[in-house]
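Beneath this line is the structure, given in structure tokens, with notes to follow.
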Amino acid sequence: MTDLTELGVAAIRDGVAKGDFTAREVAEAFNANVAAASALNAFIVTTPEKALEAAGAVDADRAAGKALGSMAGVPIGMKDLFATQGVQTTAASHILGGFVPPYESTVSSNLWAAGAGMLGKLNLDQFAMGSSNETSYFGNVISPWRSRDSNAELAPGGSSGGSSTAVSARLAPAATGTDTGGSIRQPAAFTGITGVKPTYGRCSRWGVVAFASSLDQAGPMARDIRDCAIMLGAMAGFDPKDSTSLDMPVPDWEAALNADLKGKKVGIPREYRMDGMDAEIEASWEQGKAWLRDAGAEIVDISLPHTKYALPAYYIIAPAEASSNLARYDGVRYGLRDLPEGAGLQDMYAATRAAGFGDEVKRRVLIGTYVLSAGFYDAYYTQAQKVRTLIARDFAEAFEQCDVILAPTTPSAAFPLGDKSDDPLSMYLNDVFAVPASLAGLPALSVPAGLTQSGLPLGLQIIGKAFDEQGVMNAGLAIEQRANFSAKPDRWWA
Amino acid sequence: MSVDKQTVAKIASLARIRMDDDELERMVPELNNILAWVEQLGEVDCSGVEPMTAVIPNTLRLRADVVDADPLTGGGIRDKVLANAPAPEHGFFGVPKVIE
């Protein structure tokens, strides 16, 4: 029998529906891989019983001749930013230690309704703040990948580092991610998997621990484009409980996948070609152009003039929103409380937040508080929001000349853990290619493009017009079919 | 613009995060590095540009004026609301004394 953990979402769904294997067999196989991979620290909590329970329900439905959902029989990993009823949800923080939601997030609820099961809650950067999964209260996630030249532990990317590790190490066929400024695309690129950030508003934010509400967007992380299309279809949809949810029908993205790009124009933003760009990144970008040309597309040069200001604008806007969103952690309603002897209410707040937030979270809350404070608000926050308008306008003008944009996902392949953790700025620069699309709310993905000389994955990024996930995934599929990326990490952890 | 230790202490107090002297000392250069870097936004000519308020055009909806129309966000669930509270008392959130 084939190793079921080598199968992706579509293959599992189809195999279960045809009766080639049962959903229970699939869940058991992935539960076993999860149990054997504690060295990677991808999960904060494992829930093998949940995976088996969902699988049992799918097998029973099939036996009874009932229609099966689009994710029927597919066990997935759930980023620990999604509230899951009865299962601890921490956002990888100490301050939410032991928090057990009495409700289920809309996105996870949609996935369970489609027949998916939960293998466990995946580790991440604390409150999704980080690009290497080194800020989690529950310890670093270790990438399953290793460079040919060294045995140093590598970063799985962040903030969805548990998700990227779980999918690339075959602990799960797919996982949820969230992307505020690259947190789906960058870890997908680092680990040789595919990740899609849909248009802002496609997936409900209800029940997702908030980081920066005008940017946060959930999306799928899986082995290939088709699997992401299936999973995104299950996650997305209008939700009246999220005031920014898009009230639009969810297209059947999987059915409309088409890698023929005849008549399509692919824009190459000249401002993304930065001084001192890594030669392997540049080569992979050139290769991407050739693949898309081969798929029938015309390559055109475009300009996104405000690109260099996207990252600094992001590091005002995201911390500002975070400082407001994280004000709710006060030691009163849920989570940690630190009440020093004789302390009053204000002291309790300050002590609880000192004990409950990690360094990076504190840094961002302080930056956010500062840029929103009286006297500085206009110079920082209002200016950043104006620059954001210009960045969105750049994209709108570029899309008058092209259908999608091709760019690298990251400025380098995965770096060793600890390499950048002492220098917040150099860590932030990792998201330089990912952040502009986030600020403009546009759909974007990362698809594996190949390996570096040292054997580490590189991703290519496709950015599309608002609501055009289809165009983005079609271009991604054209790359996928030509890259034939089949590398996977050696299983050193078990 | 740059911040000194006194300013960081003030921000930390506004953000309700207790910080001792060592932490404040450590934060000063870290915050200044970040602030010096975001300063470049000042170069951008934004005259006549409106600050962004919604990334994807959307209209704010009103929900139907029906009590507990969605039980998930409706009322009458006191025990669930208090289930994760660190110190619930008599059906309320417990806090240290706030009146002197």
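The values are calculated or read from the model by the stated rules, or taken from the named source; none is laboratory data. Keep in mind that what you see is a predicted model, and the values were worked out from it rather than measured. Note: ideal-geometry Cβ built from the backbone for every residue, glycine included; neighbour counts use all protein chains shown.
Mind listing whichever residues of region A:60-82 are buried (at least 24 other Cβ atoms within 10 Å of the Cβ) and among the hydrophobic types (A, V, I, L, M, F, W, C)?
Matches in region A:60-82: A:M71, A:A72, A:V74, A:I76, A:M78, A:L81, A:F82.
Checking A:N151 against (1) more than 27 Å from A:A354 (Cβ to Cβ); (2) away from every other protein chain (no Cβ under 14 Å); (3) touching a residue at least 12 places away in the same chain (Cβ under 8 Å), only one condition comes out false. Which one?
Only one criterion in (1) more than 27 Å from A:A354 (Cβ to Cβ); (2) away from every other protein chain (no Cβ under 14 Å); (3) touching a residue at least 12 places away in the same chain (Cβ under 8 Å) is unmet by A:N151, namely (3).
Among A:D252, A:D242, A:D275, A:D227, which is in a helix (DSSP H, G or I) and among the acidic types (D, E)?
Being in a helix (DSSP H, G or I) and among the acidic types (D, E) holds for just one of A:D252, A:D242, A:D275, A:D227, which is A:D227.
Can you report the number of residues in region A:1-21 which are outside any helix (DSSP H, G or I) and either acidic (D, E) or buried (at least 19 other Cβ atoms within 10 Å of the Cβ) (or both)?
Residues flagged as outside any helix (DSSP H, G or I) and either acidic (D, E) or buried (at least 19 other Cβ atoms within 10 Å of the Cβ) (or both) within region A:1-21 amount to 4.
Against the definition (within 18 Å of the chain's Cα centre (by Cα) and among the aromatic types (F, W, Y)), how does A:F399 come out, yes or no?
no
Which of the residues that make up region B:49-77 are at pLDDT 90 or above, facing chain A (nearest Cβ under 7 Å) and out of contact with any helix residue (DSSP H, G or I) (no Cβ under 9 Å at 6 or more places or on another chain)?
Selection gives B:I56 alone.
Counting only residues that are in a loop (DSSP other than H, G, I, E, B) and either within 16 Å of A:F211 (Cα to Cα) or charged (D, E, K, R) (or both), how many does region A:101-122 have?
2
Given the criterion in a helix (DSSP H, G or I), within 25 Å of the chain's Cα centre (by Cα), within 30 Å of A:G97 (Cα to Cα) and not aliphatic (A, V, I, L, M), identify the matching residue among A:G288, A:G368.
A:G368
Yes or no: region A:390-401 includes at least one residue that is within 7 Å of chain B (Cβ to nearest Cβ) and surrounded by fewer than 24 Cβ atoms within 10 Å (Cβ to Cβ).
Yes, the conditions are met somewhere in region A:390-401.
Given the criteria aromatic (F, W, Y) and within 12 Å of chain B (Cβ to nearest Cβ), does A:F238 qualify?
It is true that A:F238 is aromatic (F, W, Y) and within 12 Å of chain B (Cβ to nearest Cβ).
Would you confirm whether any residue within region B:41-48 is at the interface with chain A (Cβ under 7 Å from one of its Cβ atoms), of a type in the set (D, E, K, R) and either within 21 Å of A:A320 (Cα to Cα) or in contact (Cβ under 8 Å) with a residue 24 or more places away in the chain (or both)?
No, region B:41-48 contains no residue that is at the interface with chain A (Cβ under 7 Å from one of its Cβ atoms), of a type in the set (D, E, K, R) and either within 21 Å of A:A320 (Cα to Cα) or in contact (Cβ under 8 Å) with a residue 24 or more places away in the chain (or both).
So which residues in region A:139-197 are under 23 Å from A:P312 (Cα atoms) and of a type in the set (K, R)?
Answer for region A:139-197, where residues must be under 23 Å from A:P312 (Cα atoms) and of a type in the set (K, R): A:R185, A:K197.
Here are some conditions: (1) at negative phi; (2) small (G, A, S); (3) under 9 Å from the mean Cα position of the chain (by Cα). A:S204 meets all but one. Which one does it not meet?
It fails just one condition, (3).
What is the one condition in (1) more than 19 Å from A:L439 (Cβ to Cβ); (2) among the charged types (D, E, K, R); (3) touching a Leu at 6+ places or on another chain (Cβ under 9 Å) that A:R170 does not satisfy?
Failed condition: (3).
Run A:L456 past the list (1) hydrophobic (A, V, I, L, M, F, W, C); (2) within 14 Å of chain B (Cβ to nearest Cβ); (3) touching a Phe, Trp or Tyr at 6+ places or on another chain (Cβ under 7 Å) and report the number of the one that doesn't hold.
For A:L456, the exception is condition (2).
Among the residues in region B:61-83, are any farther than 18 Å from A:Y103 by Cβ, surrounded by 11 or more Cβ atoms within 10 Å (Cβ to Cβ) and of a type outside the set (G, A, S)?
No, region B:61-83 contains no residue that is farther than 18 Å from A:Y103 by Cβ, surrounded by 11 or more Cβ atoms within 10 Å (Cβ to Cβ) and of a type outside the set (G, A, S).
Please identify the pairs in which a residue from region A:199-217 that is within 13 Å of chain B (Cβ to nearest Cβ) has its Cβ atom under 8 Å from the Cβ atom of a residue that is basic (K, R), counting only partners at least 6 apart or on another chain.
From residues that are within 13 Å of chain B (Cβ to nearest Cβ), the pairs are A:S204/A:K241; A:W206/A:K241; A:S213/A:R205; A:D216/A:R205; A:Q217/A:K197; A:Q217/A:R202; A:Q217/A:R205.
Which condition number does A:G195 fail, the rest of (1) in a loop (DSSP other than H, G, I, E, B); (2) in contact with a Cys (Cβ under 8 Å, 6 or more places away or on another chain) being met?
(1)
Filter region A:297-345 for residues that are among the hydroxyl-bearing types (S, T, Y), assigned to a helix (DSSP H, G or I) and at the interface with another protein chain (Cβ under 9 Å from one of its Cβ atoms) and give the result.
Those that are among the hydroxyl-bearing types (S, T, Y), assigned to a helix (DSSP H, G or I) and at the interface with another protein chain (Cβ under 9 Å from one of its Cβ atoms): A:Y309, A:Y315, A:S323.
Residues in region A:372-392 that are under 27 Å from the mean Cα position of the chain (by Cα) and either in contact (Cβ under 8 Å) with a residue 24 or more places away in the chain or within 30 Å of A:G331 (Cα to Cα) (or both): how many?
8
Quick check on my filter: what residues within region A:359-379 are more than 7 Å from chain B (Cβ to nearest Cβ) and either of a type in the set (G, A, S) or closer than 17 Å to B:A36 by Cα (or both)?
A:R364, A:G368, A:V371, A:L372, A:A374, A:G375, A:F376, A:Y377, A:D378, A:A379
From the list A:E53, A:E104, A:E25, pick out the single residue that is acidic (D, E) and crowded, with 19+ Cβ neighbours inside 10 Å.
A:E104
Kindly check whether there is at least one residue in region A:399-408 that is touching a helix residue (DSSP H, G or I) at 6+ places or on another chain (Cβ under 7 Å) and of a type in the set (D, E).
yes
Of all residues in region A:414-440, how many are touching a residue at least 24 places away in the same chain (Cβ under 8 Å) and surrounded by fewer than 24 Cβ atoms within 10 Å (Cβ to Cβ)?
Total satisfying the criteria: 12.
Across region A:346-365, what is the total count of residues that are surrounded by fewer than 24 Cβ atoms within 10 Å (Cβ to Cβ) and in a loop (DSSP other than H, G, I, E, B)?
1
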